[in-house]
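**Q** Take a look at the following structure, please.
Read the figures in this text as sums done on the coordinates, not as results from a lab. Just so it is clear, the structure is predicted and the values come from calculations on it, not from any experiment. In this analysis, Cβ positions are derived from the backbone assuming ideal geometry, glycine residues included, and neighbour counts consider all displayed protein chains.
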Amino acid sequence: MNQNKVDKSLENIPLQYFKDFYDWPRHWMGFKEDLDLGNSILQEFVPFVEYLVNKKLARSTIKKYMSNLGVLGSEIIRGIHENGNQRQWPVEKILLSYIDDDGGPLPHCWNPDEFTEQRYITAYDSTCRLFYKYIINKNCPSSLSEKSI
């Protein structure tokens, strides 16, 4: 796993919420070549988690966001199996091809027609939208306002 890309001071933050955070790529992978991409995706999540923590959100809220990021990572890896040419793209381009202002890819195991699952889909899409805004605006910190959450 290549954790060198993330500032060492940040790498422990996600572990405060999910002890197995750095194992997620292994859970997502279908094939060995998925592991490197999964680790790259995970590294993009770390500064976003720090951003959430710095917003002084409740621990339970951060855990919900992170849980949804886990679902997103899994869906991206799943999507890469259908669009193998994306594997060669920079990770940020991959992320932006799966998330946007509307949310993220519908998780394959969720049924949008079931009322119970609709609340999970709504929360998941909310996380994806926030992560999308974060990626788009990360080079311009002043645009990451309180209104983003």
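**Q** So how many residues does the stretch 62-112 have that are among the basic types (Lys, Arg) and over 24 Å from residue 23 (Cβ atoms)? Spell out how you get there, then give the answer.
**A** Going residue by residue through the stretch 62-112, those that are among the basic types (Lys, Arg) are 63-64, 78, 87, 93.
Narrowing further to those that are over 24 Å from residue 23 (Cβ atoms): 93.
Number satisfying all stated conditions: 1.
**Q** Moving on. May I ask you to verify whether residue 54 is polar (S, T, N, Q), closer than 25 Å to residue 15 by Cβ and surrounded by 15 or more Cβ atoms within 10 Å (Cβ to Cβ)?
**A** Numbers: polar (S, T, N, Q): yes; closer than 25 Å to residue 15 by Cβ: yes; surrounded by 15 or more Cβ atoms within 10 Å (Cβ to Cβ): no.
Judged against the criteria, residue 54 is not a match.
**Q** Follow-up question, since we're still on this one. Would you point out the residue of the stretch 28-49, among those that are crowded, with 17+ Cβ neighbours inside 10 Å and charged (D, E, K, R), that is farthest from residue 14 (Cα to Cα)?
**A** 34
**Q** Given the structure, is residue 21 in contact with a helix residue (DSSP H, G or I) (Cβ under 9 Å, 6 or more places away or on another chain), of a type in the set (Phe, Trp, Tyr), closer than 19 Å to residue 132 by Cβ and surrounded by 18 or more Cβ atoms within 10 Å (Cβ to Cβ)? Working first, answer last.
**A** Details: in contact with a helix residue (DSSP H, G or I) (Cβ under 9 Å, 6 or more places away or on another chain): yes; of a type in the set (Phe, Trp, Tyr): yes; closer than 19 Å to residue 132 by Cβ: no; surrounded by 18 or more Cβ atoms within 10 Å (Cβ to Cβ): yes.
Judged against the criteria, residue 21 is not a match.
**Q** Quick check, is residue 98 in contact with a strand residue (DSSP E or B) (Cβ under 7 Å, 6 or more places away or on another chain) and farther than 18 Å from residue 15 by Cβ? Don't jump to the end; show me each part of the working.
**A** On the way: in contact with a strand residue (DSSP E or B) (Cβ under 7 Å, 6 or more places away or on another chain): no; farther than 18 Å from residue 15 by Cβ: yes.
Here the answer is no, as residue 98 does not meet what is asked.
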